[in-house]
1. Every residue in the range 160-213 that is among the basic types (Lys, Arg) and in contact (Cβ under 8 Å) with a residue 60 or more places away in the chain, please.
2. Condition first: open to solvent by 30 Å² or more (accessible area, probe 1.4 Å) and closer than 27 Å to ILE37 by Cα. Now tell me which residues in the range 151-201 satisfy that.
3. Can you find even one residue in the range 96-104 that is part of a helix (DSSP H, G or I), modelled with pLDDT of 85 or more and either open to solvent by less than 30 Å² (accessible area, probe 1.4 Å) or among the aromatic types (Phe, Trp, Tyr) (or both)?
4. Go through the range 73-84 and give me each residue that's closer than 12 Å to GLU185 by Cβ and open to solvent by 20 Å² or more (accessible area, probe 1.4 Å).
5. Which of the residues that make up the range 21-43 are assigned to a helix (DSSP H, G or I) and open to solvent by 50 Å² or more (accessible area, probe 1.4 Å)?
6. Identify, by number, the condition in (1) surrounded by fewer than 24 Cβ atoms within 10 Å (Cβ to Cβ); (2) part of a helix (DSSP H, G or I) that ILE11 doesn't meet.
7. If you scan the range 217-230, which residues turn out to be surrounded by fewer than 22 Cβ atoms within 10 Å (Cβ to Cβ) and in contact with a helix residue (DSSP H, G or I) (Cβ under 9 Å, 6 or more places away or on another chain)?
8. Inspect the range 60-72 for any residue being under 28 Å from SER137 (Cα atoms), open to solvent by 60 Å² or more (accessible area, probe 1.4 Å) and assigned to a helix (DSSP H, G or I) and give the result as yes or no.
Amino acid sequence: MESEVAVYLLIALLGSTASFFGALVGGSGLVILPGLISVGFSAPESVALLEVGALGMMLTSALQFHRADKIDYSLAVRFTAFSGLGALTGAILLLRTAPVYAEKIMGIAFLLIFACMVVWKQEGIYQGEERPHPRISPKLGAILFYANGVWSGFLSAGSHIIGNFILVFFFRRTLLESAGILKIEGIGAGIVTTLIFSWAGMVSWGAALVLSLSMSIGAWCGCQFGLRLGDVNVRWLYLSIVLISAVKLLR
């Protein structure tokens, strides 16, 4: 019993700490996923737990961003449908295969994201009429979100960081707007993967409840903090998380 309580306390600490920043710029899964594996859950079980737990973070954060008028629902709903289909594909792949080399692939992708955001310094902080036209069509954006959904269902960790980049770099959204849109997208994809993993019997519901509650608390605090920071400071936070994550994955 004492060991179980200790595991739950560790899960709560991981969830609340990681989701504080993850609610804004992503990357919480990169902390939580190895933490869950280290306390005894298998890799697929850890992904399942993270998907269920992240729903709490997404719901709490969505409410905060809705109140701050940071969610473009037309874009969010459109991309959520494609991301949900991708998450379904990814979850099925996870049940059949092992995520070989996934960390290295993600690390290289994060370095490319970091380089793009550094070179194009204005990305993610547009205001009013300063915002340029999107670089790609909504159809291509839907394909990108389908691919990101596959990644989310397969490995979960890092999908928010990639989604932020898609919205900022290709659709010229600010980082706070992107974070708001991704909360709606994350709810849709999370529901799909939760149903799949539950059907497969991979979810430890006691641990999932603890993780979901702790991530909700961390996300609420993080959103309050981030909305006060503004897009310029959140951009630096995003770049820091991306670079630290890339170095961690490529070690």
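1. ARG173, LYS183
2. Listed by number, the residues that qualify are TRP151, PHE154, ILE162, ILE187, ILE191, VAL192, LEU195, ILE196, SER198, TRP199, ALA200, GLY201.
3. Scanning the range 96-104, I find no residue that is part of a helix (DSSP H, G or I), modelled with pLDDT of 85 or more and either open to solvent by less than 30 Å² (accessible area, probe 1.4 Å) or among the aromatic types (Phe, Trp, Tyr) (or both), so the answer is no.
4. TYR73, VAL77, ARG78, THR80, ALA81, PHE82 - these are the residues of the range 73-84 that are closer than 12 Å to GLU185 by Cβ and open to solvent by 20 Å² or more (accessible area, probe 1.4 Å).
5. Quick first cut of the range 21-43, residues assigned to a helix (DSSP H, G or I) only: 21-25, 28-38, 43.
Of everything in the range 21-43, those that are assigned to a helix (DSSP H, G or I) and open to solvent by 50 Å² or more (accessible area, probe 1.4 Å) turn out to be PHE21, VAL31, PRO34, ILE37, SER38.
6. (1)
7. The initial filter retains those residues of the range 217-230 that are surrounded by fewer than 22 Cβ atoms within 10 Å (Cβ to Cβ), namely 217, 220-221, 224-225, 227-230.
Once the filter is applied, which keeps residues that are surrounded by fewer than 22 Cβ atoms within 10 Å (Cβ to Cβ) and in contact with a helix residue (DSSP H, G or I) (Cβ under 9 Å, 6 or more places away or on another chain), the range 217-230 yields ILE217, TRP220, CYS221, GLN224, PHE225, LEU227, LEU229, GLY230.
8. Checking the range 60-72: at least one residue is under 28 Å from SER137 (Cα atoms), open to solvent by 60 Å² or more (accessible area, probe 1.4 Å) and assigned to a helix (DSSP H, G or I).
The values are calculated or read from the model by the stated rules, or taken from the named source; none is laboratory data. On a predicted model such as this, the values are computed, not experimentally measured, just so you know. With ideal geometry, Cβ positions are generated from the backbone for all residues, glycine too; neighbour counts draw on all protein chains shown. Please note that ligands, DNA and RNA were not included when accessible areas were found on the heavy atoms of the full protein model with its side chains. Shrake-Rupley method; radii C 1.70, N 1.55, O 1.52, S 1.80 Å.
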